[in-house]
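For reference, the structure discussed in these notes is given below.
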Amino acid sequence: MNIPMVDLKGQYETLKTEIDGAILQALGETRFILGPNVQAFDQEAAEYLGASHAISCANGTDALQLALLAAGIEPGDEVITSAFTFIATAEAIRYLGATPVFVDIQPHSFNLDPSCVREAITDRTSAILPVHLFGQPADMDAIQALAEEFDLLIVEDCAQSFGSRYRDKTTGTLGAAAAFSFFPSKNLGCYGDGGMVTTDDAAIAERIKMLRNHGSSRQYHHDVIGFNSRLDELQAVILRIKLKHIDAYNRLRLEVARAYNDRLAGSRFETPVIPDDRDHVFHQYTLLCDARDTAREAIIAQGVSCAVYYPIPLHRQIAFKDTEQPVLPVTESTAQRCLSLPIFPEMSEQQIETVCEAVLSA
């Protein structure tokens, strides 16, 4: 049995009739740029998330850049974030001429350690950019307290956390603005690239709407230098359909994670913590183990996919060689020991059992 990290084909087959029909309808309407499905998806996503405004864009990286720019981040500002994340998090900061300040993570959540955030704050710090990594919300009570104490913005990286909740709010509603990605493998994914910014600030929302569309508030009137970053109408069609299933998808992912935890308990693999005070939507199911690369090869040899997110922390990347090189022991250890297993809503009991057998035998 060959088990992939995610089975997009299987998911498509369950939605094929609805998706194909909706795409054909959109093709017939021929309104492809900022069309009715984009407008409807923005409204439906805002309602689902409990955000006042949701503005779609071309991809998750653009969403981060737009969110930071509209929130007021400027050249020379410092933005505190994690080095244990995909490069887009820090790329977006650099795009604006600001400086990413990398701090360490908590050992079990893989998210920003608030005590390390406090130590990194200077008079140049303008914002904190927490990443809700692998679908688990960061420690937002402590981060929000720091932001209030030092008068800092919070911009959330929600690329992997669509539908997760912290206390009584969804991720994406816990700061000045937030960025989402709809890359195909995400919990809510389209069939290409897509992104979104959420905010409760009307001024930020209006600025993002202009920035994503060449700085235009109305046709051929350009108030600022903007970008061409608009969600494709056909991707919006797919996202509208999948949005109706996101709670079920996330619930099924959690069931897979619990099954993994039960079967792998007591092994030499450290299983992820499932918190009681927040919803982990398990975009990735990530173990920690020694001799990680050897274990990975043994698992793959048995027909089970596995992946390493992320083998090189951002502060060790060549692209950030001119950034101050902090000492981040938890980040470094995690990058050397992390291993992600297949997880998707359509996983069968047999697939789960096969994955666990491969892991335990490794």
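The values are calculated or read from the model by the stated rules, or taken from the named source; none is laboratory data. Note that the structure is predicted; figures quoted are calculated from it, not measured. Here the Cβ positions follow ideal geometry from the backbone for every residue, glycine too, while neighbour counts run over all protein chains shown.
At a glance:
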| item | result |
| --- | --- |
| Qualifying residue in the stretch 126-136 (condition: in a strand (DSSP E or B) and hydroxyl-bearing (Ser, Thr, Tyr)) | yes |
| Residues of the stretch 154-190 satisfying the condition of being among the hydrophobic types (A, V, I, L, M, F, W, C), assigned to a strand (DSSP E or B) and over 13 Å from Val117 (Cα atoms) | Val155, Ala177, Ala178, Ala179, Phe180 |
| Output for the stretch 29-47, where each listed residue is among the aliphatic types (A, V, I, L, M) and surrounded by fewer than 20 Cβ atoms within 10 Å (Cβ to Cβ) | Ile33, Leu34, Ala40 |
| Members of the stretch 59-79 that are under 17 Å from the mean Cα position of the chain (by Cα) and closer than 20 Å to Asp151 by Cα | Ala67, Leu68 |
| Matching residues, the stretch 303-315, being in contact (Cβ under 8 Å) with a residue 60 or more places away in the chain and not in a strand (DSSP E or B) | Gly303, Ser305, Cys306, Tyr309, Tyr310, Pro313, Leu314, His315 |
| The listed residue being over 25 Å from Asp113 (Cβ atoms) and among the hydroxyl-bearing types (Ser, Thr, Tyr), out of Ser340, Ser305, Ser333 | Ser305 |
| Qualifying residue in the stretch 24-34 (condition: within 30 Å of Tyr285 (Cα to Cα), β-branched (Val, Ile, Thr) and assigned by TED's automatic domain parsing to the domain that holds Leu239) | no |
| Residue within the stretch 195-205 that is outside any strand (DSSP E or B), in contact with a helix residue (DSSP H, G or I) (Cβ under 6 Å, 6 or more places away or on another chain) and surrounded by fewer than 19 Cβ atoms within 10 Å (Cβ to Cβ) present | no |
| Exclusive hit being outside any loop (DSSP other than H, G, I, E, B), touching a strand residue (DSSP E or B) at 6+ places or on another chain (Cβ under 9 Å) and surrounded by fewer than 20 Cβ atoms within 10 Å (Cβ to Cβ), set Gln144, Gln235 | Gln144 |
| Answer residue from the stretch 317-339, given it is surrounded by fewer than 20 Cβ atoms within 10 Å (Cβ to Cβ) and among the polar types (S, T, N, Q) and is farthest from Lys242 (Cα to Cα) among those | Gln325 |
| Counted residues, the stretch 77-117 - those being in contact with a Leu (Cβ under 7 Å, 6 or more places away or on another chain) and over 19 Å from Asp322 (Cα atoms) | 5 |
| Hits in the stretch 4-36 - residues which are touching a residue at least 60 places away in the same chain (Cβ under 8 Å) and of a type in the set (Asp, Glu) | Asp7, Glu18 |
